[in-house]
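The block underneath contains the structure these notes are about, expressed in structure tokens.
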There are 2 protein chains.
Amino acid sequence: MAIELKELTSSEENYSQWYNDLVVKADLAENSAVRGCMVIKPYGYAIWEKMQAQLDKMFKETGHSNAYFPLFIPKSYLSREADHVEGFAKECAVVTHYRLKNSPDGKGVTVDPAAKLEEELIVRPTSETIIWSTYKNWIQSYRDLPILVNQWANVVRWEMRTRLFLRTAEFLWQEGHTAHATREEAMEEATKMLNVYADFAERYMALPVVKGIKSANERFAGALETFCIEAMMQDGKALQAGTSHFLGQNFAKAFDVQFVNKDNKLEYVWATSWGVSTRLMGALIMAHSDNNGLVLPPRLAPIQVVIVPIYKNAEQLAAVADRIRPVVDRLRSLGVSVKFDDSDNKKPGWKFAEYELKGVPVRLALGGRDLGNGTVEVFRRDKLEKQTMPLEGIEQYIVSLLDEIQDNIYKKAFDFRASVTRNVDSYDEFRSEIEKGGFLAAHWDGTTETEERIKAETKATIRCIPLDRKAEKGVCMVTGRPSEGRVLFARSY
Amino acid sequence: MAIELKELTSSEENYSQWYNDLVVKADLAENSAVRGCMVIKPYGYAIWEKMQAQLDKMFKETGHSNAYFPLFIPKSYLSREADHVEGFAKECAVVTHYRLKNSPDGKGVTVDPAAKLEEELIVRPTSETIIWSTYKNWIQSYRDLPILVNQWANVVRWEMRTRLFLRTAEFLWQEGHTAHATREEAMEEATKMLNVYADFAERYMALPVVKGIKSANERFAGALETFCIEAMMQDGKALQAGTSHFLGQNFAKAFDVQFVNKDNKLEYVWATSWGVSTRLMGALIMAHSDNNGLVLPPRLAPIQVVIVPIYKNAEQLAAVADRIRPVVDRLRSLGVSVKFDDSDNKKPGWKFAEYELKGVPVRLALGGRDLGNGTVEVFRRDKLEKQTMPLEGIEQYIVSLLDEIQDNIYKKAFDFRASVTRNVDSYDEFRSEIEKGGFLAAHWDGTTETEERIKAETKATIRCIPLDRKAEKGVCMVTGRPSEGRVLFARSY
């Protein structure tokens, strides 16, 4: 059976097809037999595990513990918080029965009508309601606060148009749910976790993000304030990469969660929630990859270095393997994940293309001539550049090269974002500039009405009000009403 | 508000109530608002995370990768494998609709009848069917084999009688699903993973287990052979702690998964699946704990050492804290997890009881007199023994004490099991002995009929045919028919 090179559609030809090709051909994920649900394949899951491990570490360093709450939410719980139900109840999987029975025709099984639930259960689209119904029992006094809990879980939102990682009916995520004695402490928590997300995105995903606040219109259903990190993809569209919500006392009131404060008075508890999901995989792929395949930042690459031997016969392979074994050992002892691919049913050229497709940051190739010369060919995925280097001392070079690649990928994404971010001052300019993609910083009058008109006419939304925006008096580009500073617009995923 | 000591029902008085009290009062888990679904609280989840981390490491060391498959299974998939549907389709959560809408009366939400699914979706009770429908696309040639995949996930089985950790409608588990080119290789995988489970149970949970084969009657629905590890609880009941299934070609045939072998012939793929779940938490608790609370083996304890300062005023606390800080640092650098509990709203006696309840293996107490004498009080949870030791060099002592505690807990469980395991040779003796609990090794004629009669008359089941049983000719204690060796009976969870 011939082994064929896997070709990608070029991103210039069809960005959307390029993305899908890449996800499937690099063995990250694929669609399943269940509408809108994906299968995350081992290579894709290995990247997600690296994200999880780092985020989990950062959550624990900031004082959080993990816990687990039920998959199912009683239908009535969703309606307890008025805004929340508007936002989430519309698209969800509903469990109505708890038993199947053999079909009367003897073929297959059918739902047993006798096993109908008294109250339907909703597969969690997010867990505020079930968690706050639980916190009611955990919180009596200020001494029980704060509660700093996170959950790693699957959630289901019945999306009509799905795309691998970016928008799927079921996805994996973490959701932090914290309870506090004061407004200030809850607000501090919400911004702290926003900073954790931004730090993770920039230092691990090599993804520069804008930290900001959502407009009222784009706020999480049930929140008083939604903070977000927004990233720019290579096609000029923005992607919301994480959100952190200040929920005020909304859920405490909906589930009657009060505590006795230090002055011995009953008060409602203050809340936050915050989450990132497998959507980050989509952001990672779209921010850095190219027409040869994935480009992975070394800190999230399951394989950081692949070594491909070049040989004509078993004897040469053995010689290469002998020479490279101590290098592999030393790299591993330095914490580098290394794969030595000596599989004999694929040619080196096929392997080169495959590991480029999979985004392995560094490739070493070593053949008979290198053995004689004491050299090795070093290829870096981000720049697609190779050079011949002395094998002696290569381990330290690789460790610093991995750092350099991490920095370079970040810088490239940072420079790209800078190149597509600009101020616009008139709505005419906005309408023509938005066609080119990127972030447009413009004055807006702060009303939902204007925001919705802009969205309807240009498909652009307010991605956020940047936390670090400069105070700058101006006038709304649409209505001419006064504005205190620019907000960021873009078309988005 | 007075802080009260949490009292447990004694295990002698009511074992079942003791267990439930312990789970709830040690903050491990609690029942949720959703029937049969539990909330795993941070302290309980921290133990589960330790189990997960170790198991995951062992799975990876044996060549497995993690992946993720959909939560939902199309109803028709369950019926593809005839035995499987009989075993699993009866008790499951069925999703029939994908949307809610506002109730006509304006109160709450109601299921939108227009949003009925064409085919109902089942919340996975186990994932063989959805996974083998996926493997069909992954496997063409012998070069694609083996596939060694594991998934960490939640599953739902609609149990009517539930108990925290032991039997819940939703539970967390891992399920390995592997695909092989030959029967021998699949069988080798199934026994390899059984050994991994036994190794984990014995070395980390300090839980001796019997490795064995299930009788046909107790086999997993769809398996040709089910291997299991069986543990003995302190009330004399057995608990199945993990299973590993040789599935033959059943699922490959059900989902038409064939591969081209080395001789260029089409063949069905061979399969295994294997899993352990949060049920292990129940086993851990019931195997070792006592009337003072949890007894945790150090290797799974979230807090291995707690340090409680004894002081009269802030000055004394500061002196104790200064003295103990370098000890904490050194213990941590030795890989020991330490908590220094200087909270000032609880008395030392309350703290002592609380950490005993939570099963912290070692407690250090340090007061003013100790500062003068250069001593520390060391308490070990497993034996409830304390002694005064020199503080100097205490770190190395603690490291070896943790090992000793781990070994002692195992030995205690091992000795207990030995004391309740015995041969019985007549059915009369069996019927009277089974009332005392424990494992009964007896001759059985190998028929399901006899097995079911014994179960109906004594509530005992065949836990397993031990892998290491001696060949011993005998006669079935019930029918007098010939038998080749003893099998293990017990009442069980």
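Here are a few things to note about the model shown:
- If you go through the stretch B:132-146 and pick out every residue that is more than 9 Å from chain A (Cβ to nearest Cβ) and either among the β-branched types (Val, Ile, Thr) or in contact (Cβ under 8 Å) with a residue 60 or more places away in the chain (or both), you end up with 7.
- Reported count of residues in the stretch B:318-340, each being outside any helix (DSSP H, G or I) and over 30 Å from the mean Cα position of the chain (by Cα), is 0.
- For the criterion of being surrounded by fewer than 24 Cβ atoms within 10 Å (Cβ to Cβ) and either facing chain B (nearest Cβ under 7 Å) or hydroxyl-bearing (Ser, Thr, Tyr) (or both), A:Thr129 fails.
- A:Asn423 being of a type in the set (S, T, N, Q), farther than 21 Å from A:Glu202 by Cβ and under 31 Å from the mean Cα position of the chain (by Cα): yes
- Considering residues of the stretch A:232-243 that are touching a residue at least 60 places away in the same chain (Cβ under 8 Å) and touching a strand residue (DSSP E or B) at 6+ places or on another chain (Cβ under 7 Å) only, the residue nearest to A:Thr421 (Cα to Cα): A:Met232
- Test: residue in the stretch A:303-317 that is closer than 23 Å to A:Lys192 by Cβ and either surrounded by fewer than 24 Cβ atoms within 10 Å (Cβ to Cβ) or outside the structural domain of A:His64 (by TED's automatic domain parsing) (or both): no
- Residues in the stretch A:145-177 that are among the β-branched types (Val, Ile, Thr) and either out of contact with any Phe, Trp or Tyr (no Cβ under 8 Å at 6 or more places or on another chain) or closer than 23 Å to B:Ile73 by Cα (or both): A:Val149, A:Val155, A:Val156, A:Thr162, A:Thr168.
- From B:Tyr410, B:Tyr427, residue being touching a residue at least 12 places away in the same chain (Cβ under 8 Å), aromatic (Phe, Trp, Tyr) and in contact with a strand residue (DSSP E or B) (Cβ under 9 Å, 6 or more places away or on another chain): B:Tyr427
- Residues that are out of contact with any helix residue (DSSP H, G or I) (no Cβ under 9 Å at 6 or more places or on another chain) and at positive phi, drawn from the stretch B:380-417: B:Gly393
- Strands (runs of 3 or more DSSP E) wholly inside the stretch A:387-493 containing at least 3 residues that are of a type in the set (Lys, Arg) and within 26 Å of A:Arg167 (Cβ to Cβ): none
- Condition check for B:Asp329: free of Cβ contacts under 8 Å to residues at least 40 places away in the same chain, assigned by TED's automatic domain parsing to the domain that holds B:Leu366 and in contact with a Pro (Cβ under 7 Å, 6 or more places away or on another chain): no
- Yes/no for A:Val95 being in contact (Cβ under 8 Å) with a residue 12 or more places away in the chain, under 29 Å from B:Glu81 (Cα atoms) and facing chain B (nearest Cβ under 7 Å): yes
- Subset of the stretch A:134-155 [touching a Lys or Arg at 6+ places or on another chain (Cβ under 7 Å) and β-branched (Val, Ile, Thr)]: A:Val155
- Some residue of the stretch A:78-87 being closer than 22 Å to B:Ser79 by Cβ, of a type outside the set (Phe, Trp, Tyr), in the same structural domain as A:Thr272 (by TED's automatic domain parsing) and crowded, with 22+ Cβ neighbours inside 10 Å: no
- Test: residue in the stretch B:37-57 that is more than 9 Å from chain A (Cβ to nearest Cβ), among the small types (Gly, Ala, Ser) and within 20 Å of A:Ser103 (Cα to Cα): no
- Being touching a residue at least 40 places away in the same chain (Cβ under 8 Å), under 30 Å from B:Tyr19 (Cα atoms), within 13 Å of chain A (Cβ to nearest Cβ) and within 15 Å of the chain's Cα centre (by Cα) is a description that does not apply to B:Leu194.
The values are calculated or read from the model by the stated rules, or taken from the named source; none is laboratory data. No experiment lies behind these values; they were computed from the predicted model shown. A quick note on method: Cβ atoms are made from the backbone with ideal geometry, for glycine too, and the neighbour counts reach across all protein chains shown.
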